[in-house]
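Working notes for the structure below.
No lab work stands behind these numbers, since they all come straight from the coordinates. All values reported here derive from a predicted model rather than from experimental measurement. In this analysis, Cβ positions are derived from the backbone assuming ideal geometry, glycine residues included, and neighbour counts consider all displayed protein chains.
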Amino acid sequence: MSSLSRSLALRLMRPISLISLIAIALVGGISYKVVSNPTANRSASVAAGTFPNPAIDIPKSMSTGQQTLVLAGGCFWGMEAVFDHLKGVSSVVSGFSGGRAETAHYDIVSTGQTGHAESVKITYDPSQISYGQLLKVFFSVAHDPTQLNQQGPDSGTQYRSAIFFTNQTQKQVAQAYIDQLNQAHIFHQPIVTQLAPLNDFYAAEEYHQNFIAHHPNDPYVVINDLPKLYQLKNQFAALYKN
């Protein structure tokens, strides 16, 4: 079995809801975009109301040139696609953070025993999009930060919510935003996102890169990821790029 086939098999072996199974049966082999109400796919843990901007952000004057940010929020396929559709973002790479180089391989990380989290490395221009704006997308669209070691049908520490900071400023802004969201009760449950120093980022296998662009009709993608892109386009229209 090829690496890609093995990867797809591992994804499809994950628990899947009855609604997802019905949706897959309905779409069959036809071409489709979204099989469910996009608003229903937004985390049930989000309270009603407008999602706030970070009260504290990194000033543009403190950032010169391209900057990077490493985030973990479940399967990196959807995370990569969300951030790749933002203006000011020049590159998004799927990979692994939190473990050692020798275990940074999808089949090994999938055991949940490596310390790695599926992550994305985002390269962006802070004059077009700020660190705080990226965090807002991370918390409001890209994943559910109240799920501990789980995102949707995926469970295990490799699917944990995490921000891997590269300096104290990134850490302080992220912690302040988490505190702000918790104090405002934006979510019905506390945020469980971890803040951890970035030691290394390891790019995932090539077949994982730009996965959704190459496989937009994959059932897992249709159920779990395309609704996020729909929500991103509607909620962040000024920042969205095709």
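Compute the whole-percent fraction of alpha carbon pairs in segment 41-182 spaced more than 17 Å apart. Could the numbers behind the result be given before it?
Numbers: 5978 of 10011 pairs.
More than 17 Å apart: 60 percent of the Cα pairs in segment 41-182.
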Checklist entry - Taking a threshold of 18 Å on the Cα-Cα distance, which of the pairs 60/87; 136/228; 60/241 fall above it? => result 60/241
Checklist entry - What net charge do the residues around residue 90 carry, taking every other residue with its C-beta under 12 Å from that of residue 90, with Lys and Arg at +1 and Asp and Glu at -1? => result +1
Checklist entry - How many angstrom separate the Cα center of segment 49-116 from the Cα center of segment 189-218? => result 6 Å
Next on the checklist: If the only charges are +1 at each Lys and Arg Cβ and -1 at each Asp and Glu Cβ, what is the size of the charge dipole of segment 138-227 around the Cα centre, to the nearest 20 debye?
Outcome noted: 340 debye
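Report relative contact order for segment 67-188 in percent, whole number only (criteria: Cα-Cα under 8 Å, sequence separation at least 6). Provide the component values of the computation, followed by the final result.
Working: 201 pairs, mean separation 40.5, N = 122.
Normalised by residue count, the contact order of segment 67-188 is 33 percent.
For residue 149 and residue 179 in the same chain, what is the full-extension length gain: residue separation times 0.36 nm, less their Cα-Cα distance, in nm? Present the calculation step by step, with values, prior to reporting the outcome.
Details: separation 30, 0.36 × 30 = 10.80 nm, distance 2.00 nm.
Going from the current span to full extension adds 8.8 nm.
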Checklist outcome for this item: The ³J(HN,Hα) series, computed from each phi in segment 139-152 with the Karplus coefficients 6.51, -1.76 and 1.60 at θ = phi - 60°, rounded to the nearest Hz and given as x for glycine or proline, is 7, 9, 10, 5, 6, 9, x, 9, 8, 8, 6, 6, 9, x
Checklist outcome for this item: Summing +1 per Lys or Arg and -1 per Asp or Glu among the other residues with Cβ less than 11 Å from residue 198's Cβ gives +1
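Within segment 145-242, which trypsin sites (Lys or Arg not before Pro) sit in a loop by DSSP and count at most 15 neighbouring Cβ atoms inside 10 Å?
On the way: sites: 160, 171, 228, 233, 241; in loops: 160, 241.
Of the trypsin sites (Lys or Arg not before Pro), the ones in loops of segment 145-242 whose Cβ has at most 15 other Cβ atoms within 10 Å are 241.
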Next on the checklist: Show me the ranking of peptides 204-211, 69-76 by mean Cβ neighbours inside 10 Å, starting with the highest.
Outcome noted: 69-76, 204-211
Item to check | Radius, Kirkwood style, for segment 166-242 when every pair of distinct Cα atoms is counted (Å) | outcome: 15.9 Å
Item to check | Distant-in-sequence amide H partners of residue 187 (H built 1.01 Å from N, under 5 Å) | outcome: 47
